[in-house]
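Sending over a structure as C-alpha coordinates; questions will come in a sec.
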(Lines give C-alpha, C1' and ligand atoms only; values in the text may rest on other atoms or scores of the structure.)
Protein backbone atom coordinates (compact mmCIF):
# COMPACT_ATOMS: atom_id res chain seq x y z
CA UNK A 1 0.00 0.00 0.00
CA UNK A 2 1.40 3.39 -0.95
CA UNK A 3 2.19 5.99 1.69
CA UNK A 4 -0.56 8.25 0.43
CA UNK A 5 -3.11 5.45 0.69
CA UNK A 6 -1.90 4.55 4.20
CA UNK A 7 -2.15 8.18 5.28
CA UNK A 8 -5.67 8.35 3.88
CA UNK A 9 -6.68 5.16 5.73
CA UNK A 10 -5.28 6.55 9.00
CA UNK A 11 -7.00 9.88 8.45
CA UNK A 12 -10.32 8.18 7.62
CA UNK A 13 -10.07 6.02 10.74
CA UNK A 14 -9.62 9.16 12.84
CA UNK A 15 -12.59 10.85 11.19
CA UNK A 16 -14.74 7.74 11.70
CA UNK A 17 -13.73 7.51 15.38
CA UNK A 18 -14.56 11.18 15.90
CA UNK A 19 -17.95 10.75 14.20
CA UNK A 20 -18.74 7.73 16.37
CA UNK A 21 -17.88 9.68 19.51
CA UNK A 22 -20.03 12.59 18.38
CA UNK A 23 -22.99 10.26 17.73
CA UNK A 24 -22.59 8.72 21.18
CA UNK A 25 -22.53 12.15 22.80
CA UNK A 26 -25.64 13.22 20.89
CA UNK A 27 -27.42 10.05 22.05
CA UNK A 28 -26.42 10.78 25.65
CA UNK A 29 -27.64 14.37 25.37
CA UNK A 30 -30.95 13.22 23.88
CA UNK A 31 -31.40 10.72 26.72
CA UNK A 32 -30.70 13.42 29.31
CA UNK A 33 -33.15 15.81 27.60
CA UNK A 34 -35.79 13.09 27.51
CA UNK A 35 -35.23 12.23 31.17
CA UNK A 36 -35.49 15.87 32.21
CA UNK A 37 -38.44 16.83 30.02
CA UNK A 38 -40.31 13.52 29.79
CA UNK A 39 -42.77 13.80 32.69
CA UNK A 40 -43.52 17.47 31.95
CA UNK A 41 -44.17 16.69 28.27
CA UNK A 42 -46.76 14.01 29.07
CA UNK A 43 -48.77 16.34 31.27
CA UNK A 44 -48.31 14.16 34.34
CA UNK A 45 -46.32 16.84 36.07
CA UNK A 46 -46.43 20.55 35.76
CA UNK A 47 -43.11 22.20 35.13
CA UNK A 48 -42.23 24.37 38.07
CA UNK A 49 -39.25 25.66 39.90
CA UNK A 50 -36.67 22.98 40.14
CA UNK A 51 -35.06 22.39 43.48
CA UNK A 52 -31.34 21.76 43.39
CA UNK A 53 -30.64 18.32 44.70
CA UNK A 54 -27.01 17.60 45.64
CA UNK A 55 -27.30 14.14 44.08
CA UNK A 56 -28.61 15.65 40.83
CA UNK A 57 -25.83 18.22 40.74
CA UNK A 58 -23.26 15.47 41.32
CA UNK A 59 -24.85 13.41 38.54
CA UNK A 60 -24.83 16.49 36.28
CA UNK A 61 -21.14 16.99 37.02
CA UNK A 62 -20.40 13.35 36.17
CA UNK A 63 -22.41 13.66 32.97
CA UNK A 64 -20.60 16.87 32.02
CA UNK A 65 -17.25 15.16 32.62
CA UNK A 66 -18.31 12.12 30.58
CA UNK A 67 -19.46 14.31 27.68
CA UNK A 68 -16.20 16.23 27.72
CA UNK A 69 -14.20 13.01 27.86
CA UNK A 70 -16.14 11.59 24.93
CA UNK A 71 -15.66 14.63 22.73
CA UNK A 72 -12.19 15.85 23.61
CA UNK A 73 -9.31 14.20 21.77
CA UNK A 74 -6.84 12.25 23.85
CA UNK A 75 -3.36 13.63 24.46
CA UNK A 76 -1.92 10.79 22.35
CA UNK A 77 -4.31 11.63 19.51
CA UNK A 78 -3.22 15.26 19.55
CA UNK A 79 0.44 14.30 19.56
CA UNK A 80 -0.12 11.87 16.68
CA UNK A 81 -1.81 14.64 14.70
CA UNK A 82 1.05 17.04 15.43
CA UNK A 83 3.57 14.43 14.29
CA UNK A 84 1.58 13.76 11.14
CA UNK A 85 1.32 17.48 10.32
CA UNK A 86 5.06 17.88 10.84
CA UNK A 87 5.76 14.93 8.52
CA UNK A 88 3.35 16.29 5.90
CA UNK A 89 4.99 19.72 6.05
CA UNK A 90 8.36 18.08 5.47
CA UNK A 91 6.95 16.17 2.49
CA UNK A 92 5.44 19.36 1.03
CA UNK A 93 8.75 21.16 1.46
CA UNK A 94 10.61 18.30 -0.25
CA UNK A 95 8.14 18.24 -3.12
CA UNK A 96 8.36 22.02 -3.47
CA UNK A 97 12.15 21.80 -3.78
CA UNK A 98 11.83 19.17 -6.52
CA UNK A 99 9.49 21.40 -8.50
CA UNK A 100 11.80 24.43 -8.32
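Give 51, 58, 95, 44 a once-over and let me know the one that is modelled with pLDDT under 80 and either in a helix (DSSP H, G or I) or in contact with a strand residue (DSSP E or B) (Cβ under 9 Å, 6 or more places away or on another chain) (or both). Full working, then the answer.
On the way: 51 fails: either in a helix (DSSP H, G or I) or in contact with a strand residue (DSSP E or B) (Cβ under 9 Å, 6 or more places away or on another chain) (or both); 95 fails: modelled with pLDDT under 80; 44 fails: either in a helix (DSSP H, G or I) or in contact with a strand residue (DSSP E or B) (Cβ under 9 Å, 6 or more places away or on another chain) (or both).
One residue alone meets the criteria, 58.
Is it true that some residue in region 71-80 is at pLDDT 85 or above, part of a helix (DSSP H, G or I) and surrounded by 10 or more Cβ atoms within 10 Å (Cβ to Cβ)? Walk me through how you get there before you give the answer.
First pass over region 71-80, keeping only residues at pLDDT 85 or above: 79-80.
Still in the running and part of a helix (DSSP H, G or I): 79-80.
Then keep just the ones that are surrounded by 10 or more Cβ atoms within 10 Å (Cβ to Cβ); that gives 79-80.
Scanning region 71-80, I find at least one residue that is at pLDDT 85 or above, part of a helix (DSSP H, G or I) and surrounded by 10 or more Cβ atoms within 10 Å (Cβ to Cβ), so the answer is yes.
The values are calculated or read from the model by the stated rules, or taken from the named source; none is laboratory data. None of these values were measured; they are calculated from a predicted model. Every residue, glycine among them, receives a Cβ derived from its backbone with ideal geometry; neighbour counts consider all protein chains shown.
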